[in-house]
Amino acid sequence: MDYQETLETSHKNIISDEESIVDSPAKRWLSWVSDLKIESWSTFITLIFALYVRWTVGLNPYSGYNTPPMYGDYEAQRHWMELTLHVPINRWYYYDLDWWGLDYPPLTAYVSWICGKIGSILDPTWFALDSSRGYESDESKLFMRSTVLICDYLIYVPAVLVFVNWWFAGNSWKKRELAVLLILLQPALILIDHGHFQYNSVMLGLTLWAVNCFFYDHDVLGSIFFCLALSFKQMALYFAPAIFSYLLGKCIKNDIRGVMKLGITVIITFGIVFYPFLGTLEQISQVIIRIFPLQRGLYEDKVANIWCAINVIIKLREIFDISLLAKISLITTLFAILPSCIYLGSNPDKRYLIYGLANSSLAFFLFSFQVHEKSILLPALPICLLILDDVFWCSWFINIAIFSMFPLLKKDKLILSYFTVWLMWNWIGSFIKKDTKPIILKYLSWVSLHNLLILLSYLSYFVMALIHILEFNIPPPKRYPDIYIVLNVIFSAGMFTIFLLYFNYQQIIPFLIKRKAE
């Protein structure tokens, strides 16, 4: 089998067969739409339903809800609107750093300024300097929730629609509509942005717009979009190695002069975004320090990555100083992303760019410095985009990702939303019931591995259920008050390591087959 046939087998054939869509409420809904001859309305109905789910989750508490003195991420976002409205731009990264000092790149600040400007027209008390701290009126909360929803539907949702139209070109409308439905109802992003309260959909949407541009060979425009994603949230760096490898490989393969053109594009884009903060070296340093706070240590809260899991046994932060831990983290992250980046650069295939994004971001989540629970949303984006290509593994990953964020969502009093949206997504797609052979068996002759993987997946769901049952019924011992969080961390980190190996395998094997064929 040559390389092109391998690609067709591992991707096109998987997504073109309408019968491969597992019988589920989603499939029955699309069949009903087809019977009524209202296919042209299906996308609109999906968008309305996705909006309803988001808004319903938004009716629940959020990060820091009614919890003085510092409140939480909701107050941080509200305060940045207040800050950017009243403080001179050259003081944005200096002003009262003890009260949610600005620590995201400038594009976040600009968006905060726009939202604050509109909100202050409605009611100036929402964003009055200093005196509005901890402000939580019903009207201001309605406005704040609306800004997240509007940003979501202005940037992220259109990017998903464009992606689906390219990725599933030539496939049935049912396939495309099912993909839109499952991607837009992905629970992790909904729970964090519309429950916990953040604007991750802006960063993820800009990244997806970059990918869409790459798909249509608009590499300069795609580079601008990705620079904007980085300028909104620095965590978009998780995707940078894959995108860099893809573009470099493409330039080497087609026209090496494209490297200079893309480099100039990046410099100009960042120059425009960061221009107000380039006045002095001291000011530039302050922005960098705020965006990359290395002084906070290897991690703050317990998160499902390798370092937190190891720290249960080996107290890394007590044995090593911060600078050494940062170097260790950097080296291990580079080694983890290296295979994927090398193969993507050697074979800049558009479809395998998605696997490259998944591998790069998941490696960063597992091994990089100062990771937060919410950062699992980054690998969740490309992996969810593959949901109909590899239902077994992608749905499995999303379920583990949601579970890994439970301690954060529990702290935000979002337990009901957590279970409702999670179970709804699995019910709509009937993922856990789907008993088909994972794609890995297309390259392995050890057929019994199928049963082993199915057993492992069921075992993982059992472990998640067991941890939840114990946590809700048996108080943790006084000596180990965080025992359930630690169990979550160890289990989730182990599973994410398995996923990293698998998605690297999925990206690399076709490349090796190509080399062998040549």
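All conditions but one from (1) part of a helix (DSSP H, G or I); (2) surrounded by fewer than 23 Cβ atoms within 10 Å (Cβ to Cβ) apply to D217; the one that does not is (1). When we screen I314, I328, I284 for residues that are among the β-branched types (V, I, T) and under 25 Å from the mean Cα position of the chain (by Cα), the only hit is I328.
Would you confirm, using the coordinates I've provided, whether C115 is assigned to a helix (DSSP H, G or I), out of contact with any Cys (no Cβ under 8 Å at 6 or more places or on another chain) and outside the structural domain of L278 (by the TED database)?
Working: assigned to a helix (DSSP H, G or I): yes; out of contact with any Cys (no Cβ under 8 Å at 6 or more places or on another chain): yes; outside the structural domain of L278 (by the TED database): yes.
Considered against the rule, which asks whether it is assigned to a helix (DSSP H, G or I), out of contact with any Cys (no Cβ under 8 Å at 6 or more places or on another chain) and outside the structural domain of L278 (by the TED database), C115 comes out as yes.
Exactly one residue out of I190, I224 is of a type outside the set (G, A, S), assigned to a helix (DSSP H, G or I) and closer than 21 Å to Y52 by Cα: that is I190.
Residue-wise test of (1) buried (at least 23 other Cβ atoms within 10 Å of the Cβ); (2) in contact with a Cys (Cβ under 8 Å, 6 or more places away or on another chain); (3) assigned to a helix (DSSP H, G or I).
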residue: G356; (1), (2), (3): yes, yes, yes
residue: S361; (1), (2), (3): yes, no, yes
residue: Q370; (1), (2), (3): no, no, no
residue: I376; (1), (2), (3): yes, no, yes
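Residue count for region 383-392 under the criterion of being touching a residue at least 40 places away in the same chain (Cβ under 8 Å) and open to solvent by less than 10 Å² (accessible area, probe 1.4 Å): the result is 6.
Taking each residue of region 475-488 that is farther than 14 Å from N311 by Cα and looking for partners that are of a type in the set (D, E) and at pLDDT 90 or above with beta-carbon atoms closer than 7 Å, six or more apart or interchain, yields Y484/E471.
The values are calculated or read from the model by the stated rules, or taken from the named source; none is laboratory data. The structure displayed is predicted, hence computed values, not measured ones. All Cβ positions, glycine included, derive from the backbone under ideal geometry; neighbour counts span all protein chains shown. These area figures cover heavy atoms from the full protein model, side chains too; ligands, DNA and RNA do not enter into them. Shrake-Rupley method; radii C 1.70, N 1.55, O 1.52, S 1.80 Å.
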